[in-house]
Structure formats: structure tokens, C-alpha cells
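Please read the structure below before turning to the comments.
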Amino acid sequence: MFKIGLCQMMGSKDKEESRAKARAMVSEAAKNGAQVVALPEMWNCPYANEYFRPYAEPEDGPSVEFLSNLARELDIYLIGGSISELSDNKVYNTSYSFDRSGNLIGKHRKVHLFDIAVKNGIRFMESETLSPGDKSTVIDTEYCKIGVAICYDVRFPELSRKMALEGAKLIVLPAAFNMTTGPAHWDLTMRARALDNQVYFAAVSPARDMKGVYRAYGSSCIATPWGEFLAKADEKETIVYGDIDLDYEDSIRQQLPLLKHRREEVY
Ligand SMILES: NC(=O)CC(=O)C(=O)O
């Protein structure tokens with residue numbers, strides 16, 4: 001059993017301000033006993049194509065150093081949401097994860113780019129500025145293996161299934177659904193990925209900023225291996241906590257052995 005804290009923070013156009021907010025919220029989560037803490041998608045960059053390149057940083061840039069120091073100082077595992085990464089003149093939506101000594105233990109580049117055009121709703125073309133990652137990411141911690149994916153990645157069940165088959169007992173998803181797709185699909189998708197893989201599924205969104213360039217749905221949540229919500233936020237800035245009970249997960253997997261009953265030879 002361990003405690004996770006999801007920091008549903010309101011970022012700012014000013015990176016220093018965003019760092020100060022992240023520091024305050026992650027510190028509060030650690031003080032309240034969270035051993036694993038997560039930040040949202042693009043926590044230090046406005047979520048719009050025009051900002052991704054100007055805000056991008058290389059892996060040895062100040063934001064990765066900041067996250068590593070924070071994990072070490074607070075003695076926690078930190079899933080560092082996602083930031084805009086610059087590498088070989090390409091820009092990626094990247095999540096870095098750190099152990100309690102601040103070592104970088106995982107790096108996930110968003111695999112599925114958010115290119116959509118919903119009638120009377122949102123149009124977004126991440127591929128106009130971002131390049132996709134090409135790997136799934138499972139990190140090792142002293143508690144369990146944790147899968148990390150980013151936002152739109154959740155809509156491709158194969159990725160979560162792959163991470164579960166690689167041993168992930170918890171999947172953490174820094175994400176930023178919006179006011180078109182959030183009300184329609186957020187709850188259903190997070191609970192479905194938890195249920196069909198019999199994992200805890202923790203999705204962490206930015207708080208909704210009505211003056212910002214993108215209105216995030218908020219609703220950071222933790223879904224259980226039984227497919228229920230353990231905890232869920234509204235749209236405001238807050239920290240969502242939950243106990244990840246690995247014995248409970250094992251018991252669900254024994255009672256309803258979905259992962260064992262797969263018939264890969266059929267599909
Ligand atoms: N922002 C995303 O990557 C995904 C999203 O908002 C959605 O799938 O809906």
C-alpha cells in the first residue's frame with residue numbers, strides 16, 4: 001500500500017511562477033504522506049501549438065533539474081507531468097520520472113499526437129509542432145511497476161494493455177482533456193483503462209483556467225482495478241490523494257482473472 005498525490009495545478013505563462021506553484025503543491029502532497037506524486041500535462045507551458053517550441057527545453061535544461069531536485073529534497077517518486085522537450089531540433093511532449101534520490105528513471109514522449117477536429121467543438125493539431133514518441137514506458141519503483149503515458153495515449157487501449165502485461169500495477173497519465181471531449185469521454189476512458197487492465201489508473205489534469213489559451217477539463221482522478229473512482233477532483237486547483245492497495249488489486253485479479261483469460265491466438 002502506498003499513497004499517490006495528483007497535483008491539479010494551474011500553470012502560468014511565466015515558467016518561474018509555474019515552478020513555484022509546482023514546488024508548493026508537490027511539497028504539500030509529500031507533507032501529507034504521498035510517496036508518489038504526479039504533475040499534469042504541460043504544467044509549465046500554455047497548451048497551444050504556438051508555445052511548444054518557444055517553451056521547449058533539452059533534457060539537461062532547468063525544468064528537468066528542478067524536478068530531479070524536488071524529488072530528492074522531498075524523498076518521493078515524482079512523475080513530472082509533461083513539459084515541452086527540444087531534441088535534435090524536434091519538439092516532443094515529454095514526461096520525466098524520478099526516484100527518491102532524484103535519479104531520472106523514466107522518460108515518456110507522447111506517442112499519439114492529439115490531431116482532432118470535432119464538429120462545433122475543438123480543433124487541435126499537435127503534429128503541426130510536435131513529433132511523436134515511439135516507445136511505451138514502465139518505470140520500476142520500490143512499490144510496484146508504474147506505467148506512464150500522456151493524455152491522448154489513453155485512447156489507444158493497446159498501449160495500456162502493453163504496460164499492464166509488462167507488469168505495471170498503476171498507470172499514471174498526465175493529461176489535459178478539454179471542454180468538448182472531457183465531459184463526453186474522460187470518466188469513461190479512465191475507468192475503462194483501469195477495469196480492462198485491472199490496474200489503478202491515475203489521471204492528472206491542469207486546473208481549469210478560464211482566462212488561459214486552453215480550458216482543461218480538470219477532474220483529476222484515480223480509478224481502481226474494479227473500475228470505480230477512488231477519488232476525483234472538480235475543475236479547481238487541488239491535490240487528489242489515494243491509497244494504492246496492491247493486495248486489493250491482486251484479489252481482483254484472482255476473483256476475475258481477465259488478464260489470464262486472454263485468448264491471444266484468437267486475436
Ligand atoms: N489533449 C489530449 O492529448 C487529448 C484530449 O484532450 C482528448 O483525447 O480528448
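The values are calculated or read from the model by the stated rules, or taken from the named source; none is laboratory data. Remember, predicted model here, so these are calculated numbers, not experimental data. Glycine also receives a Cβ, built like all others from the backbone with ideal geometry; neighbour counts cover every protein chain displayed. With ligands, DNA and RNA removed, areas are computed over all heavy atoms of the protein, side chains included. Shrake-Rupley method; radii C 1.70, N 1.55, O 1.52, S 1.80 Å.
Looking across the range 160-188, the residues that are in a helix (DSSP H, G or I) and open to solvent by 20 Å² or more (accessible area, probe 1.4 Å) come down to R161, K162, L165, P183, A184, H185, D187, L188.
Taken over the range 109-151, the residue count meeting the criterion of being outside any loop (DSSP other than H, G, I, E, B) and either open to solvent by 70 Å² or more (accessible area, probe 1.4 Å) or over 15 Å from S82 (Cα atoms) (or both) is 13.
Contact map, the range 212-227: first residue on the phi > 0 side of the Ramachandran plot and within 13 Å of the ligand (Cβ to nearest atom), second residue open to solvent by 10 Å² or more (accessible area, probe 1.4 Å) and hydrophobic (A, V, I, L, M, F, W, C), Cβ cut-off under 9 Å, separation 6 or more or different chains; pairs are G218/A233; S219/A233. Count of the range 118-128 residues, restricted to those that are more than 12 Å from the ligand (Cβ to nearest atom) and either free of Cβ contacts under 8 Å to residues at least 24 places away in the same chain or in contact with an Asp or Glu (Cβ under 8 Å, 6 or more places away or on another chain) (or both), is 2. When the test is whether a residue is closer than 26 Å to S84 by Cα, modelled with pLDDT of 95 or more and away from the ligand (no atom under 16 Å from the Cβ), I252 does not pass it. Restricting attention to the range 42-52, does a residue exist that is open to solvent by 20 Å² or more (accessible area, probe 1.4 Å), touching a residue at least 24 places away in the same chain (Cβ under 8 Å) and assigned to a strand (DSSP E or B)? Checked against the condition, which is being open to solvent by 20 Å² or more (accessible area, probe 1.4 Å), touching a residue at least 24 places away in the same chain (Cβ under 8 Å) and assigned to a strand (DSSP E or B), the range 42-52 yields no hits at all.
For the range 145-194, the candidate set comprises residues that are more than 15 Å from the ligand (Cβ to nearest atom), of a type outside the set (K, R) and touching a helix residue (DSSP H, G or I) at 6+ places or on another chain (Cβ under 7 Å); within that set, the residue that is farthest from W226 (Cα to Cα) is G147.
If you scan the range 58-73, which residues turn out to be farther than 16 Å from I146 by Cβ and surrounded by 20 or more Cβ atoms within 10 Å (Cβ to Cβ)? Within the range 58-73, S63, V64, L70 meet the criteria. Exactly one residue out of T141, T94 is within 16 Å of the ligand (Cβ to nearest atom) and of a type in the set (S, T, N, Q): that is T94.
Number of residues in the range 58-82 that are closer than 18 Å to K15 by Cβ and either assigned to a helix (DSSP H, G or I) or not hydroxyl-bearing (S, T, Y) (or both): the value is 16. Inclusion of V154 among residues that are at pLDDT 95 or above, closer than 22 Å to Y96 by Cβ, open to solvent by less than 60 Å² (accessible area, probe 1.4 Å) and assigned to a helix (DSSP H, G or I) is warranted. When the range 195-210 is limited to residues that are assigned to a loop (DSSP other than H, G, I, E, B) and among the small types (G, A, S), the one that is nearest to the ligand (Cβ to nearest atom) turns out to be S205.
Quick one: which residue in R109, R161 is touching a Phe, Trp or Tyr at 6+ places or on another chain (Cβ under 6 Å) and of a type in the set (K, R)? Selected residue: R109, the only one of R109, R161 that is touching a Phe, Trp or Tyr at 6+ places or on another chain (Cβ under 6 Å) and of a type in the set (K, R).
Name every residue in the range 95-108 that is part of a strand (DSSP E or B), touching a residue at least 40 places away in the same chain (Cβ under 8 Å) and out of contact with any Ser or Thr (no Cβ under 6 Å at 6 or more places or on another chain), in order of residue number.
Once the filter is applied, which keeps residues that are part of a strand (DSSP E or B), touching a residue at least 40 places away in the same chain (Cβ under 8 Å) and out of contact with any Ser or Thr (no Cβ under 6 Å at 6 or more places or on another chain), the range 95-108 yields S97, L104, K107.
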